[in-house]
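What follows is a short report on a single structure.
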Amino acid sequence: MSAEKIEQLKKSLKKNRIELMCFCSTGQLADFISDVLKPGGTVGVGDSKTLEQLGVYSLLRNSDIRFLDKYKTDITKDEKEKLYRDNFFADIFFSGVNALSLEGKIFNLDGNGSRVAPIIFGPKRVFLVCSTNKIVENDVAAIERIKNIAAPIDARRLNKKTPCVKTGRCMDCKSSEKICNYYTVIQGQFDAQRIKVLLVEGNYGF
Ligand code: SF4
């Protein structure tokens, strides 16, 4: 992505009171995350292939923090639901994004809301990790990206029986397994220090 586009994105987000921080390498990102973690602090995460591929989950598991790890192999359904609620009281919450527009808006899609809700309210600090493949021009392109790229891939990953798994495109289904129940658009915040976007050059997640 060109330096001009990144600058445009940075300015647009700043107008919405959201800081964009750019990282040239995954190592730089890891160093930043290690610095913001405080010993004993509680850290939650939203489901994100980007975070997984960038090694963020591994970093958290190996840090001196209380990691609300929803990926533990022996976790029960009740424990996971409690963890989703505990996320609201976390010191830090990490998530990916589904699209980031050059107009400075952050788009996310969620099936049960456990990811988008704590992004909006609860944790003291929120870091949204985004790779440059999620950047789009505007609202229309963001929804197009979510419906016809991100959601069908995610539905397939989750083994859902939704039409997009077969067609690769959104069919606006009414399936009980539909993963597109909650769309959120973040276009500003009261506390300019709370949500920050951490941008990494590359093609991570979907
Ligand atoms: S609304 Fe249904 S068909 Fe469309 S992307 Fe979501 S799950 Fe797939």
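Observations
- Scaled against 2.2 N^0.38 Å for its residue count N, the alpha carbon radius of gyration of segment 87-146 is 1.15.
- Accessible area (Å², 1.4 Å probe, nearest 10) - residue 78: 120 Å²
- For the chain, the Stokes-Einstein estimate of translational diffusion at 25 °C and a viscosity of 0.890 mPa s comes to 141 µm²/s, using the Kirkwood hydrodynamic radius over alpha-carbon pairs.
- For the chain, the solvent-accessible area of protein heavy atoms averages 52 Å² per residue (probe radius 1.4 Å; ligands and nucleic acids excluded).
- The residues 183, 84, sorted by heavy-atom accessible surface at 1.4 Å with ligands and nucleic acids left out, run 183, 84 from largest to smallest.
- Once backbone amide H atoms are built at 1.01 Å from N, residue 63 has no partners under 5 Å, excluding neighbours fewer than 5 places away on the same chain.
- DSSP finds beta bridges in segment 3-200, and of those with both partners inside it, around 25 percent are antiparallel.
- Amide H to amide H distances under 5 Å link residue 125 with 92, 93, where only residues 5 or more positions off or on other chains count and H is placed in the peptide plane.
- A 1.4 Å probe, protein heavy atoms only, puts the accessible area of residue 107 near 10 Å².
- Residue by residue, segment 24-41 carries 3J(HN,Hα) couplings of 7, 8, 5, x, 4, 4, 4, 4, 4, 4, 4, 5, 7, 6, 9, x, x, x Hz when phi is fed to the Karplus relation 6.51 cos²θ - 1.76 cosθ + 1.60 (θ = phi - 60°); x denotes Gly or Pro.
- For residue 42, solvent-accessible area (1.4 Å; no DNA, RNA or ligand), Å²: 20 Å²
- If you take the Cα centroid of segment 1-57 and the Cα centroid of segment 137-196, the two points sit 20 Å apart.
- Whole-number D in µm² s⁻¹ for segment 1-123, Kirkwood Cα-pair radius fed into Stokes-Einstein, 4 °C, 1.567 mPa s: 82 µm²/s
- Cβ charges +1 (Lys, Arg) and -1 (Asp, Glu), total dipole of the chain, debye: 460 debye
- Solvent-accessible area, 1.4 Å probe, carbon plus sulfur percent, for segment 119-189: 55 percent
The values are calculated or read from the model by the stated rules, or taken from the named source; none is laboratory data. A quick note: this is a predicted structure, and the numbers were derived from the prediction, not measured. So basically every Cβ, Gly included, is an ideal-geometry build from the backbone, and we count neighbours across all protein chains shown. Areas reflect the complete protein model, heavy atoms only, side chains present, ligands, DNA and RNA absent. Shrake-Rupley method; radii C 1.70, N 1.55, O 1.52, S 1.80 Å.
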